[in-house]
Amino acid sequence: MTNTWSLQTLAYARSPYRQKFAIPRQPGLVKHAVGTIEFLPEFNHEDFVRGLDDFSHLWIHFIFHETVKKGWSPLVRPPRLGGNVRKGVFATRSTFRPNPIGLSVVELIDIEYRPNLRLKVRGLDLLDHTPVIDVKPYLPYADAYPNARGGYADHRPTTGLRTEFSTEALHQIAQEQIEFPHLKAFIEEVLAQDPRPAYQKDAHLAKDYGMHLYHFNIKWRVEDNLNYVFSIEAE
Ligand code: SAM
């Protein structure tokens with residue numbers, strides 16, 4: 001029997017995350033991260049999703065296409081452990097895996113059939129344009145184990161960081177209100193995850209960071225327990 005299998009892209013995820021930096025490390029952590037799963041012409045038919053609208057959540061199987069060229073190793077350092085402790089790749093959800101396959105549960109908000117088939121989903125942790133290789137309904141009776149042990153990641157990460165916006169940033173958000181009504185909450189949720197690399201989290205000096213959400217270039221300063229968003233520019 002062969003040990004090699006080929007897979008094909010069925011759809012692409014469209015996501016507000018335009019770069020890897022600042023994407024939450026798991027789905028469901030940032031509720032305002034809303035995106036779509038857009039099917040390729042071969043799968044652009046309502047038959048493929050008949051019955052799916054009865055489910056509230058989906059499993060999305062995808063390819064870590066952005067990091068696949070970097071390869072993998074048997075041991076990885078989970079950011080959750082500060083980047084200093086090594087765990088076996090199969091004891092982590094690292095993107096650097098022998099088969100670069102990711103798996104995320106997202107909430108299904110809507111199914112749009114026209115002009116093309118697409119699933120509107122909430123809470124995703126995928127980069128924009130991520131290739132999707134399968135979609136399955138989430139089955140609460142089989143997939144949820146409320147008493148399961150979570151190893152070194154047994155609770156939702158908390159950072160204690162709060163976020164404030166400059167007057168200028170609030171003005172920019174107000175200007176985008178019609179098209180992006182949840183932009184402020186979305187930025188707050190993303191920054192509450194503290195996207196900084198683990199080795200910079202103990203730094204005592206203020207430092208500036210930048211990220212792209214949608215077409216916005218967002219800049220903030222971290223000092224003590226404060227994220228101070230000082231610039232939001234549409235590009
Ligand atoms: N929930 C998935 C899983 O467990 O398989 C993904 C977990 S992985 C730790 C989440 C990270 O994958 C995100 O923070 C982002 O940096 C990265 N990521 C998301 N989409 C990606 C892509 N298409 N290629 C490479 N990395 C990606």
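The values are calculated or read from the model by the stated rules, or taken from the named source; none is laboratory data. For clarity, every value in this text was computed on a predicted model and none was experimentally measured. Note that each Cβ is placed from the backbone with ideal geometry, even for glycine, and that neighbours are counted across all protein chains shown. Accessible surface is based on the protein model in full, side chains and every heavy atom, while ligands, DNA and RNA are left aside. Shrake-Rupley method; radii C 1.70, N 1.55, O 1.52, S 1.80 Å.
Screening segment 138-168 for residues that are of a type in the set (A, V, I, L, M, F, W, C) and farther than 16 Å from residue 195 by Cβ and picking the one that is modelled with the lowest pLDDT gives 153.
Residue check: residue 24 meets all listed conditions (1) touching a helix residue (DSSP H, G or I) at 6+ places or on another chain (Cβ under 9 Å); (2) part of a loop (DSSP other than H, G, I, E, B); (3) more than 9 Å from the ligand (Cβ to nearest atom) but one, namely (3).
With respect to residue 152, is the statement that it is under 22 Å from residue 48 (Cβ atoms), among the aromatic types (Phe, Trp, Tyr), more than 10 Å from the ligand (Cβ to nearest atom) and surrounded by fewer than 12 Cβ atoms within 10 Å (Cβ to Cβ) true? So residue 152 does not fit the description; no.
The set of residues from segment 178-208 being open to solvent by less than 40 Å² (accessible area, probe 1.4 Å), of a type outside the set (A, V, I, L, M, F, W, C) and farther than 21 Å from residue 126 by Cβ comprises just one member, 200. Residues that are open to solvent by less than 40 Å² (accessible area, probe 1.4 Å) and in a loop (DSSP other than H, G, I, E, B) are absent from segment 43-50.
The set of residues from segment 51-86 being over 22 Å from residue 28 (Cα atoms) and in contact with a Leu (Cβ under 8 Å, 6 or more places away or on another chain) comprises just one member, 86. All of (1) in a loop (DSSP other than H, G, I, E, B); (2) open to solvent by 40 Å² or more (accessible area, probe 1.4 Å); (3) more than 30 Å from residue 82 (Cβ to Cβ) hold for residue 160 with one exception: (3). Which of the residues that make up segment 20-33 are touching an Asp or Glu at 6+ places or on another chain (Cβ under 9 Å), of a type in the set (A, V, I, L, M) and either under 16 Å from residue 57 (Cβ atoms) or open to solvent by less than 20 Å² (accessible area, probe 1.4 Å) (or both)? Selection gives 29, 30, 33.
For segment 107-129, a residue qualifies if it is open to solvent by 70 Å² or more (accessible area, probe 1.4 Å) and within 10 Å of the ligand (Cβ to nearest atom), and exactly one does: 129.
If you go through segment 53-70 and pick out every residue that is within 22 Å of the chain's Cα centre (by Cα) and either more than 13 Å from the ligand (Cβ to nearest atom) or open to solvent by 50 Å² or more (accessible area, probe 1.4 Å) (or both), you end up with 9. Residue 97 satisfies every condition listed in (1) in a loop (DSSP other than H, G, I, E, B); (2) in contact with a Pro (Cβ under 9 Å, 6 or more places away or on another chain) except (2).
Condition check ((1) of a type outside the set (A, V, I, L, M, F, W, C); (2) in contact with a strand residue (DSSP E or B) (Cβ under 9 Å, 6 or more places away or on another chain); (3) free of Cβ contacts under 8 Å to residues at least 12 places away in the same chain) across all residues:
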position	(1), (2), (3)
150	yes, no, yes
154	yes, no, yes
159	yes, no, no
162	yes, yes, no
165	no, yes, no
168	yes, yes, no
175	yes, yes, yes
182	yes, yes, no
186	no, yes, no
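Can you confirm whether residue 104 is within 13 Å of the ligand (Cβ to nearest atom), within 25 Å of residue 31 (Cβ to Cβ) and part of a strand (DSSP E or B)? Taking the combined requirement at face value, the residue satisfies it.
Scan segment 72-94 and give yes if some residue there is near the ligand (Cβ under 9 Å from one of its atoms), modelled with pLDDT of 95 or more, open to solvent by less than 70 Å² (accessible area, probe 1.4 Å) and over 16 Å from residue 12 (Cα atoms), otherwise no. Scanning segment 72-94 turns up at least one residue that is near the ligand (Cβ under 9 Å from one of its atoms), modelled with pLDDT of 95 or more, open to solvent by less than 70 Å² (accessible area, probe 1.4 Å) and over 16 Å from residue 12 (Cα atoms).
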